[in-house]
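For reference, the structure discussed in these notes is given below.
The values are calculated or read from the model by the stated rules, or taken from the named source; none is laboratory data. Predicted model, so just to flag it, every value in this text is computed and none were measured. Note that we place each Cβ from the backbone using ideal geometry, even for glycine, and neighbour counts take in every protein chain shown.
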Amino acid sequence: RAFAELEMGAELYCLHRNRWWQTKRGPLLDTGAFVVGLEYAAEIEATVLGKPSPSYFEAACQALDAEPGMTWMVGDDLESDIVGARGMGMRTVLVRTGKFRPDAVEASRIRPDGIVSSIGQLPDWLEEHL
């Protein structure tokens, strides 16, 4: 049905294009695969409203009245949290929880400013590195 609507001129919006998400049973396919499939079939490009879209991070900075270069993004997803924030000039810390995968960090050209084992370690890490 979504494809038919797109063929009739509907626009495609999505919150993200994540490839997978972490569950207790392990990683499962996320909505990104379906978004890409619809884009390909309908020959359109979706508008991403959430991470890693620049408008998402711009809105966050505006809501906080903060400059991107003085703002920290802390997250567990290298692709949507860290890549998106770095693209806006934000500083970043990757947390080794949730979606964190050491192999993804090693394979990526993107490097967070720091990596912590838990959010509880963040205050000490910031104090040590600022």
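Return the total of residues in region 27-47 being in contact with a strand residue (DSSP E or B) (Cβ under 9 Å, 6 or more places away or on another chain), in a loop (DSSP other than H, G, I, E, B) and not charged (D, E, K, R). Number of matching residues: 2.
Give the residues of region 78-130 that are more than 23 Å from Val48 (Cα to Cα) and aromatic (Phe, Trp, Tyr), sorted by residue number. Hit for region 78-130 is Trp125, nothing else.
Taking the criterion of being touching a Phe, Trp or Tyr at 6+ places or on another chain (Cβ under 9 Å) and charged (D, E, K, R), the residues of region 80-122 that qualify are Arg91, Lys99, Asp113.
Asp77 falls short on exactly one of the conditions (1) of a type in the set (D, E, K, R); (2) touching a residue at least 40 places away in the same chain (Cβ under 8 Å); (3) touching a strand residue (DSSP E or B) at 6+ places or on another chain (Cβ under 7 Å), and that condition is (3). Which one of the conditions (1) at pLDDT 95 or above; (2) under 20 Å from His16 (Cβ atoms) does Gly87 fail to meet, given that it meets all the rest? Failing condition for Gly87: (1). If you filter region 2-32 down to residues that are surrounded by 13 or more Cβ atoms within 10 Å (Cβ to Cβ) and small (Gly, Ala, Ser), you find that the one that is farthest from Arg101 (Cα to Cα) is Ala10.
Considered as a group, the residues in region 1-26 that are hydrophobic (A, V, I, L, M, F, W, C) and part of a loop (DSSP other than H, G, I, E, B) include one that is nearest to Asp76 (Cα to Cα), and that residue is Leu15.
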